[in-house]
Every structure is written in C-alpha cells, then in structure tokens.
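This report refers to the structure that appears directly beneath it.
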Amino acid sequence: MEQKTIGYITGGSLKTGFLVRLTVPADEIQEGGFVVVQSGNYKFYGLITDLRLKASDSRFSEEKNELRLQKDIALLLNAKTLYTELEILPSLMQKVGPEPGTEDYAQYSQSVDSYPIPVKTLPAHHAVVRIANAFDVWEIFGDPKAKAKFTVGLTREQNHPIAIDLEKFIHRSSGIFGATGTGKSYLTRLILAGLIHSKLASVLVFDMHDEYAFGDTSPDTNIRVPGLKEKLGSHVKVCALGRGTDIQRKLRPDFDLVIEQQDILPEDIEMLSRELNLRETTSNTLAALVQSFGEKKWFKTFMELKSGNGEGTLESWAQENRIIPQAAESLQGKLSRVFNKSYILEKAPTNCIQQIIETLQSGCSVVLSFGKYESDLDYLLVTNILTRKIREVWEKRTNDFHGGTGKQPISLVIAIEEAHKLLNREMAGQTSFAMIAREMRKYFVTLLVIDQRPSQIYDEVMSQLGTRISGWLGDDADISAVLSGLAGREALRGMLSRLQPKEEVLLLGYGVPMPLPVRSRRYDENFWKDLLGDQPIHSTMKDAKKDWMFPDE
Amino acid sequence: MNHSNAFGRIISANSRECVAGYRTSEKELPQFASIVRIPVQEESSYQIYGLVTDVQIEQDDFLRQIAAADSISDEVLSDNRVNRNIPIVIRILFLGFQNESGFSHLLPPKPPLSLDSIYLCTLSEIAGFTSHGNFGYLRHILRVSNVPIAELLAVHLRQTAIAQTANNHSAWIKNAIEEIIDLMRDDSAGLLEILSALGDADISME
C-alpha cells in the first residue's frame with residue numbers, strides 16, 4: 001500500500017490541532033489534504049487546515065542566504081532552518097489492526113475495536129505523518145460501492161472516491177450550500193439522483209426554476225444536461241403548479257397541482273405578511289373569519305363578501321364581529337392577490353395534494369415545477385400548504401406505526417431551493433419547515449435545504465442540519481452559518497473560503513465520518529452510466545413516454 | 001600505532017586542552033587547525049586526538065636586542081630560528097581519544113603527561129577519527145573560547161574534507177556542515193559567521 005510520508009509531529013493539542021514539520025516541498029501539499037498519523041497502537045485521521053512558512057530564527061528567513069553565502073552552503077542552511085509547518089485538524093482515531101487481507105484482519109474488521117472513534121488522545125512527538133492512501137479512505141469513508149453509499153466526489157490529491165452514507169443523509173435534515181455559480185444545482189441533482197436511485201427515500205423537490213425534472217443547458221459548457229425525470233423515468237413524477245401548465249414551454253407533467261380554497265388556513269396567510277404587506281390587525285380579522293365561517297369556508301366566503309351597506313356585506317360582517325371595517329376591506333383587497341391565482345380553485349377536478357402524497361407514499365419521487373409562478377408569494381404559499389399536509393399525513397402514519405396499526409412510513413426528503421425564503425428568522429416559526437428540521441426526523445421526514453445565503457436561514461434550523469455539503473462561500477456570515485454547531489469550525493473557515501469556485505465542495509457533519517474537501521463528481525453522461533449502467537434513457541420513458549417528453553415531435 | 005614524525009612535546013595539560021612546544025627546526029610543522037594525536041606513554045593503546053587552536057612564537061630577552069639592530073645577518077637570523085632556547089608554543093584542543101575499544105569523541109579520561117610526544121595525523125587517521133560517530137567532536141570546537149571559531153572550523157573542515165575524499169567519503173563535508181547548522185541554529189549570528197568563513201575556505205561539496 002502506498003505510504004507517502006510528508007512530515008512528523010512536532011507539537012499540538014486536542015483543542016488547537018496537531019503541528020507537523022513538513023519534510024517534502026510545500027507545493028506538494030494542499031490545505032484540506034486527508035492525512036494519517038500513525039503512532040503506537042493508533043492511527044489518527046485528520047485534515048490539513050493550515051500551512052505556515054517557518055524559520056528556526058527569523059534572521060535566516062529575512063535575508064536571502066544565497067546572496068551572502070556560497071550557494072551549496074546556503075542551500076544546506078535553507079534546508080535546515082527554513083521549513084513549512086502544517087496544522088492538522090484531528091478528527092478520528094482507530095486502533096491499528098492486523099495486516100489487511102489476513103485472516104486476523106477479517107476477524108478484527110468485524111470487531112468494535114476496528115471502528116474509528118473521535119480523537120481522544122494525541123500521537124507521540126515525531127510520529128510520522130502521511131497522505132491517506134486508498135485503504136485509509138476505504139476504512140473511514142467505507143466502500144463507495146456498498147449499499148446506501150453514494151460517491152459525491154474524489155479526494156483532491158489522489159482521486160480516491162469519497163462516498164456519503166445516504167441512510168445517514170436522510171436520517172437528519174441536510175443542506176447544500178454555495179455561492180452562486182459554484183455548481184450547487186448540479187451537485188443537488190447528483191445527490192437527488194443518488195437518493196432516488198437508492199430507493200431509500202421518496203423525494204419531493206420544490207423546483208422553483210424548472211431545473212430538476214427535464215434538465216437544462218449548462219451556462220458554462222453550453223452542453224445540455226439531462227434532468228431527473230429523463231433518466232429515472234417512472235421513479236420520478238413531475239407535477240406542475242396550475243392547470244395545463246407546460247414545463248419549459250413544451251413538456252407536459254404527470255399531473256397538475258391545483259389548490260382548493262378550503263386548503264388555505266389563516267396561518268398560510270399570516271406567513272405572507274411581507275409579500276401582502278399585512279397589518280398587525282390581520283390576525284384578529286382572520287380569527288374572526290374562521291369563527292364566523294369555519295376553517296374550510298372562511299377564505300371563499302370572505303372573498304365573496306360584497307362592499308357597501310346592508311346585510312351580507314363586508315361592512316356588516318365587520319361590525320358584527322367588532323372588526324374595523326377598513327381593516328377588513330384592506331385585508332380583502334390584499335387577499336385578492338391570492339384569491340385570483342389561477343392555481344387556486346374552489347374545487348379541484350382531482351385531489352391533487354392527495355395525489356402527490358400518495359405518489360410519495362408509494363416510494364416515487366415528485367418534482368414540483370413552479371413554471372410561470374415564480375414569485376415569492378407563489379413559492380411560500382404552495383410549499384407551506386403542501387408541506388403542512390404532508391406533515392400531517394406522515395405524523396399520523398408514524399403514530400399508527402408506533403401504535404402497531406400501520407406500516408412504517410417511507411422516509412421522505414423535501415428539497416427546498418432558496419431555503420432562506422422559507423426558513424429565515426422571521427418565517428421559520430410560521431412555516432412547517434422549521435418544525436420538520438427540528439422534529440420530523442422522528443416522523444421520517446427531513447429537509448434538504450439548498451441555498452446560497454445560509455446566513456439568512458434561522459440559526460436554530462441551521463444547527464439542526466446533519467450533513468452539510470458546501471461549495472465556495474465568500475461571505476463570513478455564510479461561512480459561519482454553514483459551520484455552526486460543528487467541531488473545529490475555526491480551522492475549517494479558511495478552507496471554505498479557499499475552495500475552488502467550481503467543482504470543489506466541503507463535506508461536513510453527520511453523513512460523513514469527518515470533514516473533507518472533495519472534487520465533486522461531474523453531472524454528465526459518465527455519472528449516469530455509473531449510476532444506471534448503460535441505459536441512455538430510462539426504458540419506460542423511451543418506449544412509452546417519448547411524445548410526453550417531446551410533444552412537438 | 002605509527003609513532004614516527006613526532007614534532008613536539010607536552011608542556012602543560014588539563015582535561016580540555018594542552019600546550020606543547022616544538023622547535024622550528026622540526027620538519028613537519030603543525031598548522032593552525034591541524035589534527036594531531038598524542039600517544040600517552042603509559043598506555044600503548046591510548047592516544048588523545050586534538051586540534052591545534054593556536055601557534056605562538058614567544059619572545060626571549062635576546063630577541064628584543066636582535067630586533068632592535070640596524071641589520072641582521074643571515075647567520076644570526078638562522079641561528080635564532082634554529083637554535084633558539086624558547087620553543088614555539090602550540091595550544092591543542094582535545095577532540096577525543098582512542099583506546100582498545102576504538103574512537104571516542106568524549107574528552108580524554110586523563111590528560112597526557114608532560115613531555116609526551118605529539119604527532120601530526122595522516123589523512124587516513126584524520127578520516128578515521130572524524131568519521132566516527134555523529135560529529136560529536138564538533139561540540140568541543142564550538143565551545144572553545146578566545147579562538148576565532150569560524151576560522152578554526154573553516155580550515156579544519158577544508159583539511160578534513162580532503163582526507164575524507166581521499167577515503168572515498170565525499171559526502172562527509174555536507175553532513176558536517178549540516179551538523180554545524182543544527183548545533184548552531186540558536187545562534188544565528190555565530191552560525192552565519194562560520195558559514196561565511198566556510199565559503200572563504202572554498203570547500204568543494206561536489
């Protein structure tokens with residue numbers, strides 16, 4: 001097994017990390033490198049978090065020794081007195097087992113002793129430090145071909161595949177972050193494809209920009225990249241908001257989503273306070289409306305109240321209920337923006353929300369395309385209503401399961417783009433999403449939060465995110481948010497800001513045994529071949545749904 | 001042990017160094033930074049290795065009168081140099097010793113006796129002593145006082161490098177300089193002075 005030694009331990013502590021004197025040229029080592037320290041009975045696994053130029057005396061570094069000494073002597077002096085110091089963030093330690101491939105190793109690998117554990121002690125001075133080899137990567141990150149493992153990228157130095165544990169990924173809410181243009185959407189597609197293909201969970205994708213179902217053209221390469229529906233076929237259903245809405249102007253979805261007026265609750269309206277510019281009196285008015293007309297009919301009845309005087313008018317209702325008539329009138333005007341949405345009907349031809357829920361319950365995934373309804377109002381309203389309904393169903397089914405009267409519900413991951421719109425400090429308490437992030441793990445529902453401004457997401461929600469995958473971030477507040485609640489965040493800060501702007505991501509948190517920057521996989525034909533084998537297009541799609549995909553042909 | 005070519009005798013000694021005298025008529029005269037050996041007469045296998053750190057020509061009363069004369073004849077000059085009563089004095093820093101167990105770079109367990117003879121080391125003897133161990137003898141040189149250490153080391157390393165190269169150990173000089181850098185790294189000024197002197201000594205590391 002390859003063992004490239006790069007230096008030896010010179011100091012350090014559990015709090016500040018290990019210090020290493022480099023014995024190879026500094027340009028052979030990069031921040032973020034996955035290294036192993038072998039000392040006594042333990043191997044310590046860590047991450048290079050800093051490199052520093054050091055001199056045994058500043059005089060040797062401040063003056064160019066070559067100018068005052070004979071060249072050969074100056075080289076010897078430089079080699080002896082000028083060096084690079086590494087800082088390593090230690091993450092895991094593991095007992096050194098027998099030689100791999102032996103019978104003893106097979107026995108050892110099944111024992112508890114073989115599991116890596118968080119670092120609790122220090123290696124000895126002068127312990128040798130080396131770059132992790134394929135076996136080390138395998139020991140820590142597991143076999144990338146194993147069930148529930150999904151390769152998200154390769155180590156930057158030696159291209160060893162790094163897989164995340166999808167079971168852990170869906171066990172808690174997760175996040176994908178990165179500044180705009182860092183490949184966040186492609187990375188999300190990769191993960192979603194892996195997740196859907198693994199059949200470990202159903203996925204509901206709130207596709208605000210119509211990117212996930214049918215793909216689009218990469219702005220960088222001008223090459224068209226396929227969407228999840230194109231490749232995963234019947235495992236993915238596409239739903240479009242509104243009746244008869246096409247996706248990307250010509251593609252028809254599997255079904256439409258129309259919301260019935262009775263599905264809208266006062267809290268759905270209160271959540272839109274900023275978009276509708278609602279006043280503080282709105283809560284009282286909404287409470288009075290529900291009391292007057294009931295939870296299912298308040299919206300329709302209120303919107304149909306006529307202006308003017310006399311019985312059955314808005315004014316008379318307001319007076320009867322001790323509401324300021326002007327406030328009621330103002331609210332009615334503002335709610336007309338919601339009432340007039342073409343995807344909100346008194347009665348839907350089919351129960352669309354139920355259809356989505358049943359699809360998800362059956363193990364299929366759903367991509368909800370917002371099509372032309374791109375405003376924040378549409379996004380907030382629809383995602384919240386749908387998520388609330390889903391939450392109710394999954395809670396009930398889980399309670400039935402625990403009560404012994406039902407099956408375990410299938411795990412559900414709700415992917416939300418531009419998550420800060422729904423999970424900011426102001427909104428988090430009002431939407432279902434914050435509760436899902438906090439508590440729904442117990443009910444088999446978790447979030448996949450996708451955002452470029454993680455600092456805008458409520459910190460209580462951020463702290464609940466288990467696995468975090470982040471591309472380059474420049475803003476200090478965003479970096480702090482991504483690292484919130486994680487050990488060694490100070491050491492990881494610089495690494496996030498120095499990732500390559502494209503195709504490099506930092507894996508953090510629950511779904512990975514230790515933080516690690518990786519070169520992310522490319523979302524291209526090779527990826528799909530690896531995932532699906534040599535199926536260019538899902539067979540059911542090719543045979544039965546060709547004209548569904550391309551109705552003009 | 002080769003006891004030919006003795007060139008002087010011990011006048012005084014302590015555990016760290018000794019003073020020896022020799023006549024100017026001796027054929028092999030020690031130079032500054034030469035390595036010498038002093039077989040101790042009492043024990044046939046025990047000899048001390050040292051480094052010449054100073055060569056001093058002391059005056060006698062007659063010399064002052066001659067120096068004050070208008071002209072000095074060749075005969076007088078030669079007589080004074082060859083037949084002078086007061087010897088030339090050299091100071092020798094002990095670097096280690098050799099006994100039946102081999103070389104050691106520790107200080108000799110006992111100093112030489114008065115009038116013990118001093119010999120210049122051959123290239124082979126120099127190579128043998130200086131390649132023993134891990135340059136331990138250098139620490140004796142680096143802590144000597146009242147001697148220009150940079151000059152002393154520069155000349156010593158140049159001479160020893162020639163001896164080592166003659167014994168097919170051309171990497172010795174590189175290792176020796178590295179050892180000096182290690183030993184002196186906390187005294188940057190002193191180290192740079194030594195390395196500068198090594199440059200002046202034009203030592204080849206090829």
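The values are calculated or read from the model by the stated rules, or taken from the named source; none is laboratory data. Everything quoted here is computed from the prediction, not taken from an experiment. Using ideal geometry, Cβ is built from the backbone for each residue, glycine included, and neighbour counts are taken over all protein chains shown.
Some points to look at:
- Any hit, segment A:459-481, residues being on the phi > 0 side of the Ramachandran plot and surrounded by fewer than 23 Cβ atoms within 10 Å (Cβ to Cβ): no
- B:Gly102 vs. criteria in contact with a strand residue (DSSP E or B) (Cβ under 8 Å, 6 or more places away or on another chain) and under 18 Å from B:Gln41 (Cα atoms): no
- Residue match in segment B:162-174 (condition: within 11 Å of chain A (Cβ to nearest Cβ) and in contact with a helix residue (DSSP H, G or I) (Cβ under 8 Å, 6 or more places away or on another chain)): yes
- Number of positions in segment A:328-338 that are surrounded by fewer than 16 Cβ atoms within 10 Å (Cβ to Cβ) and in contact (Cβ under 8 Å) with a residue 40 or more places away in the chain: 1
- Residue ranges of helices (runs of 4 or more DSSP H) in segment A:267-311 with at least 3 members under 39 Å from the mean Cα position of the chain (by Cα) and touching a residue at least 60 places away in the same chain (Cβ under 8 Å): A:273-276
- Taken as a whole, segment A:235-243 holds at least one residue that is assigned to a helix (DSSP H, G or I), under 31 Å from the mean Cα position of the chain (by Cα) and in contact (Cβ under 8 Å) with a residue 24 or more places away in the chain.
- Filter result for A:Ala491 (modelled with pLDDT under 85 and surrounded by 13 or more Cβ atoms within 10 Å (Cβ to Cβ)): yes
- Listed by position, the strands (runs of 3 or more DSSP E) enclosed by segment A:156-226 that each have at least 1 residues that are touching a Phe, Trp or Tyr at 6+ places or on another chain (Cβ under 7 Å) and not charged (D, E, K, R) are A:161-165, A:202-207.
- Only residues that are crowded, with 20+ Cβ neighbours inside 10 Å and touching a residue at least 40 places away in the same chain (Cβ under 8 Å) were counted in segment A:422-442, giving 8.
- Qualifying residue in segment B:94-110 (condition: more than 29 Å from B:Glu58 (Cα to Cα) and within 14 Å of chain A (Cβ to nearest Cβ)): no
- Here B:Asp202 meets the list (1) within 21 Å of the chain's Cα centre (by Cα); (2) surrounded by 14 or more Cβ atoms within 10 Å (Cβ to Cβ); (3) within 10 Å of another protein chain (Cβ to nearest Cβ) almost entirely, failing just condition (2).
- For segment A:2-12, filtering for residues that are among the hydroxyl-bearing types (Ser, Thr, Tyr) and at pLDDT 95 or above leaves 2.
- Breaking point among (1) surrounded by fewer than 18 Cβ atoms within 10 Å (Cβ to Cβ); (2) modelled with pLDDT of 90 or more, for A:Leu89: (1)
- Leading residue by the ranking (nearest to B:Ile141 (Cα to Cα)) among those in segment B:184-199 that are out of contact with any Leu (no Cβ under 6 Å at 6 or more places or on another chain) and more than 9 Å from chain A (Cβ to nearest Cβ): B:Gly190
- Residue that is nearest to the other protein chains (Cβ to nearest Cβ), among those in segment A:39-59 that are in contact with an Asp or Glu (Cβ under 7 Å, 6 or more places away or on another chain) and among the basic types (Lys, Arg): A:Lys54
- Complete set of residues in segment A:481-498 that are part of a loop (DSSP other than H, G, I, E, B) and under 15 Å from A:Ser463 (Cβ atoms): A:Ser484, A:Gly485, A:Leu486, A:Ala487
- In segment A:60-106, the residues that are in a loop (DSSP other than H, G, I, E, B) and within 9 Å of chain B (Cβ to nearest Cβ): A:Glu63, A:Leu69, A:Gln70
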